[in-house]
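Written out below as structure tokens is the structure these notes cover.
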Amino acid sequence: MKTALKPRWIAALIFALAVSWVFVLLSQWQFSASRTQTTPPPAETETVRPLTEVFTPGVPMLSTTADQMVSFSGSFVPGKQVLVGNRLNDGTQGFWVVSAFAVDGVKSRDEQVMIPVVRGWVAGPADAAAAPSGRADVVGRLLPPEAPEPKRPGPGQVHTLSTAELVNLWNMPAYSGFVAGIQLGLDGG
């Protein structure tokens, strides 16, 4: 007991209590900060907004941006297409057909910026058609990327829709999200 009542040990106890109190305050702040950024109400996300107003290339997607309906114009980049496996359509496994879409007026270091666009679902790789050529207008839902997987299932195929992986495959700067559920308007080509 004599050791515990020495001034040095009493000061150490007071210091430990002060540090623990600071951590309690920091945890309360972190908890309240995590609850303040809520997802927007469905009425906001269902209103179609221009992609360039909603999202910036190279910026991580926040929950306030995800699920927003967006519109943009540009063209599909020839030869930049992959199949994403293990995707269901009415209980049948197949592939998403994903193509790089160069968004008009969006550049990064003088390079055209693309966004991956899910063009549809196919039952097998042989069923996937090339992306249409020419100018196109796209309306779809902006979604966050999936985590990459290290192993590729086959040429032109990926396990997940990871924009980080697609940037490396396609060698183009990109948005850190993708667009699905699209309506495509073609201007010819």
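The values are calculated or read from the model by the stated rules, or taken from the named source; none is laboratory data. Note that the coordinates shown come from a computational prediction; the quantities given were computed from them, not determined experimentally. A quick note on method: Cβ atoms are made from the backbone with ideal geometry, for glycine too, and the neighbour counts reach across all protein chains shown. SASA here: full protein model, heavy atoms, side chains in, ligands and nucleic acids out. Shrake-Rupley method; radii C 1.70, N 1.55, O 1.52, S 1.80 Å.
Whole number in Å², please: accessible area per residue of the range 53-164, 1.4 Å probe, ligands, DNA and RNA not counted.
50 Å²
Taking 8 Å as the Cα distance limit and 6 or more residues as the minimum spacing, I'd like the relative contact order of the range 146-189 as a percentage.
Numbers: 27 pairs, mean separation 12.0, N = 44.
In percent, rounded to a whole number, it is 27.
Quick one: with all protein chains in place, what share of the accessible area of the chain is carbon or sulfur, to the nearest percent (1.4 Å probe)?
In the chain, the share of accessible area belonging to carbon and sulfur is 59 percent.
Per residue of the chain, what 222 nm ellipticity follows from adding -39500 (n - 2.57) for every DSSP H run with n ≥ 4, rounded to the nearest 500?
-7500 deg cm²/dmol
About its Cα centre, how strong a charge dipole does the chain have in debye, to the nearest 20, once Lys and Arg get +1 and Asp and Glu get -1 at the Cβ?
Using only the charged Cβ atoms, the result is roughly 1100 debye.
Where a Cα-Cα gap under 20 Å defines reach, which lysines qualify for LYS80, not counting those fewer than 8 residues away within the same chain?
Within the straight-line limit of under 20 Å, LYS80 reaches these lysines: LYS107, LYS151.
Under a GNM of the chain (C-alpha, springs under 10 Å), which listed residue has the highest mean-square fluctuation: SER27, SER108, SER176?
SER27
Please list LYS151, LYS6 in order of solvent-accessible area, largest first, computed with a 1.4 Å probe with all protein chains present.
So the residues, ranked largest to smallest area, are LYS151, LYS6.
Report the charge-dipole magnitude of the range 88-189 in Debye, nearest 20, computed about the Cα centre from +1 at each Lys and Arg Cβ and -1 at each Asp and Glu Cβ.
So the dipole magnitude of the range 88-189 works out to roughly 120 debye.
If one takes the longest principal axis of the Cα atoms in the chain, at what angle in degrees, from 0 to 90 and to the nearest 10, does the Cα axis of helix 7-36 lie?
So the inclination is approximately 30 degrees.
How large is the Kirkwood hydrodynamic radius of the range 102-174, in angstrom, based on all distinct alpha carbon pairs?
Computed over Cα pairs of the range 102-174, the Kirkwood hydrodynamic radius comes out at 14.2 Å.
Take the chain, connect every pair of alpha-carbon atoms lying under 10 Å apart with a spring to form a Gaussian network, then pick out the residue of SER133, SER73, SER20 with the largest mean-square fluctuation.
SER20
Using a 1.4 angstrom probe with every protein chain in place, what is the largest-first accessible-area order of ARG141, ARG87, ARG152, ARG49?
Values: ARG141 60, ARG87 35, ARG152 120, ARG49 95 Å².
From most exposed to least exposed: ARG152, ARG49, ARG141, ARG87.
Could you tell me which of GLY134, GLY74, GLN93 has its Cα farthest along the dipole of the chain towards the positive end, charges placed at Cβ (Lys, Arg +1; Asp, Glu -1), taken about the Cα centre?
It is GLN93.
Taking the dipole about the Cα centre of the chain, with the C-beta of Lys and Arg at +1 and of Asp and Glu at -1, give me whichever of ALA174, LEU184, VAL59 is farthest to the positive side.
The one lying farthest along the dipole's positive direction is VAL59.
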